[in-house]
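The structure appears right after this line, and notes come after that.
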Amino acid sequence: MDAIRETNLGTGALRRGKVRDCYEFDNYLLLVVSDRISAFDVVMPNGIPFKGKVLNQISSFWFDMTKDIIQNHVVTTDPAEMVKRLPELAGHEQILEGRSLLATKTEAIPVECVVRAYVAGSAWSEYTERGTVAEVEMPKGMLKSQKLDTPMFTPAIKAESGHDENISIGRMKNILGRGLSESIIETSFALFKKASEHAATRGMLIADTKFEFGLLDGHLMLIDEIFTPDSSRFWMIDEYEPGKDQKGFDKQPLRDWLQKLPDEGKWDKTPPAPELPDDVINYMSDLYRSAFKMITGGEVN
């Protein structure tokens, strides 16, 4: 199957993200997940076959599993149902199949909600620099990838540079208000607990993850994507060892390849990115599909 990089449906106002194409209608958002992949905030010139379907179908799996905790924005993932609601989508069913989600439009909350059970990623960077995680003082002598005594909620916002900036819970409450913030924190922990319990039955642990929420008529709703390899760190339980980087299902192998390019092909992490060789493309495709099978027990279609 050829990787699908662009999904030009010729209808609706289009917002193109690094991975997803969002088509806006009066009451709906149509999210179509392409096979694009980015690293260091730059989209690669090659797509990764099956990546979009994996991300979309994993999110759908988790949205269904967690709907008893909080209402989510999913209307349908069935292209035939999408066409019934939006007849202008007729003729695009093949593109939509398996990689699209029709969502209720909400007022997005401008804070990313991160739950961490292990010290990794930006949390490890902050800890090594300042001894804190999300501005909270941490014990001395912690190891890379070490498990926290209890999971932490570490919100983030988009900084002016476009990168995520970790903020304190106090600052989050100043932005959103105490009541809404506390509801979001409680819901985030409940989602993380349920997903972690399921992941454990599949031999996986979730090191950290991020959520996005929206408001519809004043009611909190879960939106965007959840518990995908692009929004979460999944590690294998039987391979976990604190004190080092962990092998997971995220984009780290792609980042590693880019950073190890020989001097004559060195990339300065600005567009355009270098062409990816077939072995890297195939490895990343297999990695995403492996994540899907591990999490859901099925095959991506």
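Here His219, His163 are screened, and the one residue that is open to solvent by 30 Å² or more (accessible area, probe 1.4 Å), at pLDDT 95 or above and not hydrophobic (A, V, I, L, M, F, W, C) is His219. The number of residues in the stretch 74-103 being under 24 Å from the mean Cα position of the chain (by Cα), farther than 18 Å from Ala3 by Cα and open to solvent by less than 10 Å² (accessible area, probe 1.4 Å) comes to 5. When Ala200, Ala291 are screened for being among the hydrophobic types (A, V, I, L, M, F, W, C), surrounded by fewer than 18 Cβ atoms within 10 Å (Cβ to Cβ) and modelled with pLDDT of 95 or more, only Ala200 passes. Please work out if Phe25 is open to solvent by 10 Å² or more (accessible area, probe 1.4 Å), among the aromatic types (Phe, Trp, Tyr) and within 24 Å of Pro87 (Cα to Cα). Judged against the criteria, Phe25 is a match. Of all residues in the stretch 15-43, those being aliphatic (A, V, I, L, M) and at positive phi number 0. Out of curiosity, is Lys266 open to solvent by 90 Å² or more (accessible area, probe 1.4 Å), more than 21 Å from Gly52 (Cβ to Cβ) and basic (Lys, Arg)? In short, yes.
Taking the criterion of being assigned to a helix (DSSP H, G or I) and either among the aromatic types (Phe, Trp, Tyr) or closer than 19 Å to Asp224 by Cα (or both), no residue of the stretch 160-175 qualifies. Any residue in the stretch 7-17 that is within 22 Å of Ser188 (Cα to Cα), open to solvent by less than 30 Å² (accessible area, probe 1.4 Å) and in contact (Cβ under 8 Å) with a residue 40 or more places away in the chain? Among the residues of the stretch 7-17, not one is within 22 Å of Ser188 (Cα to Cα), open to solvent by less than 30 Å² (accessible area, probe 1.4 Å) and in contact (Cβ under 8 Å) with a residue 40 or more places away in the chain, which makes the answer no. Taken together, the criteria place Leu191 among residues that are closer than 30 Å to Asp64 by Cα and touching a residue at least 24 places away in the same chain (Cβ under 8 Å). Of all residues in the stretch 110-159, exactly one satisfies the criterion of being of a type in the set (Asp, Glu), more than 27 Å from Leu220 (Cα to Cα), open to solvent by 20 Å² or more (accessible area, probe 1.4 Å) and outside any strand (DSSP E or B), namely Glu129. Exactly one residue out of Gly214, Gly248 is in contact with a His (Cβ under 8 Å, 6 or more places away or on another chain), open to solvent by less than 20 Å² (accessible area, probe 1.4 Å) and either touching a residue at least 24 places away in the same chain (Cβ under 8 Å) or among the acidic types (Asp, Glu) (or both): that is Gly214. I'm trying to understand the selection: among the residues of the stretch 51-64, which are open to solvent by 50 Å² or more (accessible area, probe 1.4 Å) and touching a helix residue (DSSP H, G or I) at 6+ places or on another chain (Cβ under 7 Å)? The one that is open to solvent by 50 Å² or more (accessible area, probe 1.4 Å) and touching a helix residue (DSSP H, G or I) at 6+ places or on another chain (Cβ under 7 Å): Phe61. Take the residues in the stretch 172-188 that are touching a residue at least 12 places away in the same chain (Cβ under 8 Å) and farther than 23 Å from Ile206 by Cβ, then tell me which one is most open to solvent (accessible area, probe 1.4 Å). Checked the stretch 172-188; the qualifying residue most open to solvent (accessible area, probe 1.4 Å) is Ile175. Can you find a residue in the stretch 235-245 that is touching a helix residue (DSSP H, G or I) at 6+ places or on another chain (Cβ under 8 Å), under 17 Å from Ile295 (Cβ atoms) and surrounded by fewer than 21 Cβ atoms within 10 Å (Cβ to Cβ)? The answer is yes; a qualifying residue exists.
Residues that are in contact with a strand residue (DSSP E or B) (Cβ under 6 Å, 6 or more places away or on another chain), more than 22 Å from Ala134 (Cα to Cα) and either open to solvent by 10 Å² or more (accessible area, probe 1.4 Å) or among the charged types (D, E, K, R) (or both) within the stretch 222-234 comprise Ile223, Asp224, listed in sequence order.
Taken over the stretch 271-288, residues that are open to solvent by 60 Å² or more (accessible area, probe 1.4 Å) and either among the polar types (S, T, N, Q) or free of Cβ contacts under 8 Å to residues at least 24 places away in the same chain (or both) amount to 4.
The values are calculated or read from the model by the stated rules, or taken from the named source; none is laboratory data. Please read these numbers as outputs of a predicted model, since none were measured by experiment. Every residue, glycine as well, gets a Cβ built from its backbone with ideal geometry; the counts of neighbours run over all protein chains shown. Quick note on the areas: whole protein, heavy atoms, side chains included, nothing else; ligands and nucleic acids left out. Shrake-Rupley method; radii C 1.70, N 1.55, O 1.52, S 1.80 Å.
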